[in-house]
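Read the structure below first, then the notes.
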Amino acid sequence: SRFETCWPALMKDSHGVIIIFNPELPSHLKEIEMWYSCFVQQQPLLDSQCLLVAHHKPGSAEDTENLSLAYPLNKLKLIHSNLEEDPEDVRMEFMKYFRSIITIINESREREEMSIIS
């Protein structure tokens, strides 16, 4: 990708990664493996710091709701977003995700402070 030179700047000090993809496109299913590898595994971030969002366009096929991703993506939190049908559900999931990231940041900060003290 022509933006690869920008990736290190994007990744610097990041605490979480949200990968949004179209589950109807087979090419996207291959690409999310690459995004996961570059942005999560190589940083390294915890799997809990990554959120996958399968975004369904209006009138899209329903059979992609039962998406089964291969390892290692199947370890990640996956939510389905359909903003026409259930925007509130998506908002709740995002809030849960952000709360979990804040918890991780606070815990690591406390660990750093303890290591400085001791």
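The values are calculated or read from the model by the stated rules, or taken from the named source; none is laboratory data. These numbers were taken from a predicted model, which means no experiment stands behind them. With ideal geometry, Cβ positions are generated from the backbone for all residues, glycine too; neighbour counts draw on all protein chains shown. Accessible surface areas use protein heavy atoms only, side chains included; no ligands, DNA or RNA. Shrake-Rupley method; radii C 1.70, N 1.55, O 1.52, S 1.80 Å.
Assorted remarks:
- Hits among lysines - C-alpha to C-alpha of Lys30 under 19 Å, sequence gap 8 or more where chains match: Lys75, Lys77
- Within region 12-117: Cβ-based charge dipole about Cα centre, in debye rounded to nearest 20 (Lys, Arg +1; Asp, Glu -1): 420 debye
- Considering only Pro58, Thr5, Tyr71, the residue lying farthest towards the positive end of the dipole of the chain is Thr5, judged by Cα position with unit charges set on Cβ.
- Label of the coordinate-derived value, Rg/Rh (Cα atoms, Kirkwood Rh), listed as (i) 0.96; (ii) 1.06; (iii) 1.03: (iii)
- Once the Cα atoms are used to define both axes, helix 26-36 deviates from the longest principal axis of the chain by about 0 degrees.
- What the phi angles of region 18-23 give under the Karplus curve with 6.51, -1.76 and 1.60, with θ = phi - 60°, is a coupling list of 10, 10, 9, 9, 9, x Hz, glycine and proline written as x.
- Those aspartates and glutamates that a straight Cα-Cα span of less than 13 Å connects to Lys12, excepting residues fewer than 8 apart in one chain: none
- Per residue of the chain, the DSSP helices (runs of n ≥ 4 H) give a summed -39500 (n - 2.57) that works out to -13000 deg cm²/dmol at 222 nm.
- Extended-chain gain in nm, criterion 0.36 nm per residue less alpha-carbon gap, Ile116 and Asp86: 6.2 nm
- Per residue, the accessible area of the chain comes to 69 Å² when a 1.4 Å probe rolls over the protein heavy atoms.
- Derived scalar couplings ³J(HN,Hα) [region 70-86; Karplus, 6.51 cos²θ - 1.76 cosθ + 1.60; whole Hz; x for Gly, Pro]: 7, 4, x, 5, 6, 8, 8, 5, 10, 10, 9, 10, 9, 5, 6, 8, 9
- Whole-Hz couplings from phi, Karplus 6.51/-1.76/1.60, listed for region 41-47; x for Gly and Pro: 5, 7, 6, x, 10, 6, 4
- Residues whose amide H lies under 5 Å from that of Leu69, counting only those 5 or more places away or on a different chain, are absent; hydrogens are built 1.01 Å from N in the peptide plane.
- Relative contact order (percent, whole number), the chain, Cα cutoff 8 Å, 6+ residue spacing: 24 percent
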